[in-house]
Amino acid sequence: MNERRRRFEIPASLAGERLDRALSLLTGRSRSETAKMVADSCVLIDGEVSPVGSRRLSPDEVVEVLPDRAPDAVQEREPEIVPFDVLHVDADVVVVNKPSGVVTHPGTGHSSGTLADALVARFPDMAEVGQPDRPGIVHRLDRGTSGALVCARSPLAYQGLIEQLSRREVRRIYAALARGHPPSPRGTIDARIGRDPHNRTLMAVMATGREARTHYSTVELFTHPVEASLLRCQLSTGRTHQIRVHLASIGLPLLGDLAYGVPDPFGISRPLLHASQLTFQHPTSGAEMSVAAPMPADFVEALREFGSDPSAFSMN
């Protein structure tokens with residue numbers, strides 16, 4: 001599939017930025033890809049070919065990417081039938097409540113049936129935002145994790161959300177149902193996470209890993225049918241499997257997490273982890289957005305088995 005001609009007006013926030021880097025931010029492509037696009041003369045600035053990736057941009061300049069000479073795009077996919085609830089939508093962003101069992105975007109072993117494909121089927125404009133294989137996606141949730149996920153519907157929103165995430169300005173609150181009781185009512189797990197050298201599909205706490213920090217507080221303690229805790233977790237970083245690995249490292253494995261945790265007593269068989277709330281600055285209006293995702297039925301069912309009222313979970 002050939003991409004259509006893409007046109008970007010350079011905002012003040014990118015004034016003085018290199019052309020190849022600005023294109024990377026606006027299109028979601030890698031720097032090597034955008035450098036090749038420039039070298040292949042498929043990039044115009046105000047109608048003129050610009051063969052120099054290091055050229056500094058000025059505000060209000062118009063950058064265009066020519067379709068026929070751009071790198072091959074990801075092949076067009078059939079619309080995906082993946083159910084999801086929309087929690088908020090406007091011209092720039094959409095926040096969804098991702099169901100558990102749904103992969104966020106295509107990857108190894110998951111080329112179809114993803115949330116990214118379903119989003120494009122419902123919001124076709126997202127196909128041109130971000131990376132071609134994960135349009136509109138600025139962060140992800142594990143396949144077994146449910147809850148709030150914010151996605152971009154415009155290149156500027158994509159850039160703004162990516163920058164907020166990199167500056168750790170997006171507030172992410174999770175509900176976690178773990179086996180055991182924490183050593184203290186609240187605490188911070190500050191432990192580096194890296195790829196498990198014994199199983200490359202898993203992550204592990206290790207000295208050579210990347211910085212990772214999770215804050216937790218106890219919402220409710222249970223003793224029957226098993227000793228367990230309902231925890232409120234807040235991320236300071238966003239490493240792969242972070243909450244699952246961190247809680248397991250302090251003896252609080254997630255119920256239902258067969259990779260890092262323990263089976264749940266109810267046969268739900270997915271990590272009982274739910275992204276309850278996202279708070280971020282709207283990338284174009286600047287307004288603070290706080291969006292809550294209702295707990296899914298299986299999480300509610302598990303809490304009721306413990307004799308808990310799901311409404312007791314606080315996001316403050």
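Only the coordinates and a few stated rules stand behind these numbers; no lab work does. Remember, predicted model here, so these are calculated numbers, not experimental data. Methodologically, a virtual Cβ is constructed for each residue, glycine included, from the backbone with ideal geometry; neighbour enumeration extends over all protein chains shown.
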Per-q log10 I(q)/I(0), segment 171-312, q = 0.15, 0.19, 0.22 Å⁻¹ (Debye; single scatterer per alpha-carbon; no solvent): -0.76, -1.13, -1.38
Percentage relative contact order, the chain, counting C-alpha pairs under 8 Å, at least six apart: 14
Please state the charge dipole magnitude for the chain, taken about the Cα centre, from unit charges on C-beta atoms (+1 on K and R, -1 on D and E), reported in debye and rounded to the nearest 20. 920
The answer for the per residue Cα convex hull volume of segment 6-65, in Å³, is 62
Mind ranking 82-88, 197-203 by how tightly packed they are, going by the mean number of other C-beta atoms within 10 angstrom, highest first? 82-88, 197-203
Taking every pair of distinct Cα atoms and averaging 1/r, then inverting, what Kirkwood hydrodynamic radius in Å comes out for segment 85-166? 12.5
If packing is taken as the mean number of other Cβ atoms within 10 Å per residue, what is the order of 127-136, 91-100, highest first? 127-136, 91-100
